[in-house]
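Shown below is the structure under consideration.
The values are calculated or read from the model by the stated rules, or taken from the named source; none is laboratory data. These numbers come from a predicted model, not from an experiment. Cβ placement follows ideal geometry from the backbone for every residue including glycine, while neighbour counts extend to all protein chains displayed. Keep in mind that these areas ignore ligands, DNA and RNA; they rest on the heavy atoms of the full protein, side chains included. Shrake-Rupley method; radii C 1.70, N 1.55, O 1.52, S 1.80 Å.
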Amino acid sequence: MATTTVLWDIDSCPLPDSFGPSLAGRSIRSALKNSGYLGPVTITAMSNLHLNPRSASLLEALFSSGIHISNIFGYCLSLLFGWRMSAQPPATLMLICDDTTLEMLSEPLFRICDEGFTILVAHPGRKPVSADLWKTFLSVVSRDWIWESFLGSADDKDEALEYKCREMGYVSCEMCEFSGFSLKDLTTHFSSDEHLEEGNERETKTEHVGEQETSCAPRGTKRPAAHIGPSDL
Ligand SMILES: [Zn+2]
């Protein structure tokens, strides 16, 4: 049975306000199942956690629902290429993101479609200015949904999809090619010399730099997961 890998850009396509993050993993799996994608599903939530700091409670809820967490720098090309290196047709790739992110990824996605993979897309709604993107893109995307409608198609009573294998979750920092198995691993990584040095090399000077420094303590400083982003401070 074909596997489905979901890359979810929570920066450009966040959960609707009324939707509980602890249900996100089960709802995405259920909606895919209801649409006929019955194989194993892997979900990764991607965010530039420095530009868009997240509360620890949000990340913990997503992680607990069976969603991997990845800190990305720029668009999620490294995750896309990583998936391509390991996937074999007829695997399915689902992207959950807005038009802008999709446009940035369109060239590699066209190539992936040519190789026999299935591409699915959920998005917050098409903007009129992106009509050309959709006109060309729909020729290769097998199916697309409005994000909120996609979530609404889930069966929230499908207990069989309850994610119970937390130890299988992973976290990553694509900037440093770091991976770990808990949010604590990620916060510890954000405090490491490796991450700080990599960040200094790549960091563009924005007003968000101050936020990054707030959320990254020197190596060895024990900080609670709430410091993944300043919104809970
Ligand atoms: Zn890093």
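Taking the conditions exactly as written (surrounded by fewer than 22 Cβ atoms within 10 Å (Cβ to Cβ), within 15 Å of the chain's Cα centre (by Cα) and at positive phi), does Gly66 satisfy them or not? Before you say what the answer is, go through the steps one by one.
On the way: surrounded by fewer than 22 Cβ atoms within 10 Å (Cβ to Cβ): no; within 15 Å of the chain's Cα centre (by Cα): yes; at positive phi: yes.
So Gly66 does not fit the description; no.
Okay, moving on. For the subset of region 73-100 comprising residues that are of a type outside the set (A, V, I, L, M, F, W, C) and touching a His at 6+ places or on another chain (Cβ under 9 Å), which member is most open to solvent (accessible area, probe 1.4 Å)? First the steps, then the outcome.
Quick first cut of region 73-100, residues of a type outside the set (A, V, I, L, M, F, W, C) only: 74-75, 78, 82, 84, 86, 88-90, 92, 98-100.
Narrowing further to those that are touching a His at 6+ places or on another chain (Cβ under 9 Å): 98-99.
Working: Asp98: 26, Asp99: 7 Å².
Going through the qualifying residues, I end up with Asp98.
A follow-up question, please. Do we find that Ser179 is at pLDDT 70 or above, surrounded by 17 or more Cβ atoms within 10 Å (Cβ to Cβ) and either within 16 Å of the ligand (Cβ to nearest atom) or not assigned by TED's automatic domain parsing to the domain that holds Ile43 (or both) in this structure?
Numbers: at pLDDT 70 or above: yes; surrounded by 17 or more Cβ atoms within 10 Å (Cβ to Cβ): no; either within 16 Å of the ligand (Cβ to nearest atom) or not assigned by TED's automatic domain parsing to the domain that holds Ile43 (or both): yes.
When the stated conditions are applied, Ser179 does not pass them.
May I ask you to list the residues in region 56-80 that are under 24 Å from Arg202 (Cα atoms), of a type in the set (Gly, Ala, Ser) and at pLDDT 90 or above?
Ser70
Could you look through region 137-161, keep only residues that are of a type in the set (A, V, I, L, M, F, W, C) and modelled with pLDDT of 90 or more, and pick out the one that is nearest to the chain's Cα centre (by Cα)? Let's see the steps before the verdict.
Taking region 137-161 and keeping what is of a type in the set (A, V, I, L, M, F, W, C), we get 137-138, 140-141, 145-147, 150-151, 154, 160-161.
Add one more test, that the residue is modelled with pLDDT of 90 or more, and what stays is 145-147, 150-151.
Details: Trp145: 17, Ile146: 17, Trp147: 14, Phe150: 16, Leu151: 15 Å.
So, considering only residues that are of a type in the set (A, V, I, L, M, F, W, C) and modelled with pLDDT of 90 or more, the one nearest to the chain's Cα centre (by Cα) is Trp147.
For residues that are in a helix (DSSP H, G or I) and near the ligand (Cβ under 8 Å from one of its atoms), tally how many sit in region 182-198. Step through it out loud before you land on a result.
To start, the set of residues in region 182-198 that are in a helix (DSSP H, G or I) comprises 183-190, 193-198.
So of that shortlist, the ones also near the ligand (Cβ under 8 Å from one of its atoms) come out as 189-190, 194-195, 198.
Here the count works out to 5.
Six or more apart or on different chains, Cβ under 8 Å: which pairs go from a residue in region 1-15 that's in the same structural domain as Arg54 (by TED's automatic domain parsing) to one that's assigned to a loop (DSSP other than H, G, I, E, B) and acidic (Asp, Glu)? Could you list them?
Asp9/Asp98; Ser12/Asp98; Cys13/Asp98
Separate question: Going by the conditions given, is Trp134 at pLDDT 90 or above, out of contact with any helix residue (DSSP H, G or I) (no Cβ under 7 Å at 6 or more places or on another chain) and of a type outside the set (S, T, N, Q)? Before you say what the answer is, go through the steps one by one.
Values: at pLDDT 90 or above: no; out of contact with any helix residue (DSSP H, G or I) (no Cβ under 7 Å at 6 or more places or on another chain): yes; of a type outside the set (S, T, N, Q): yes.
So Trp134 fails the test.
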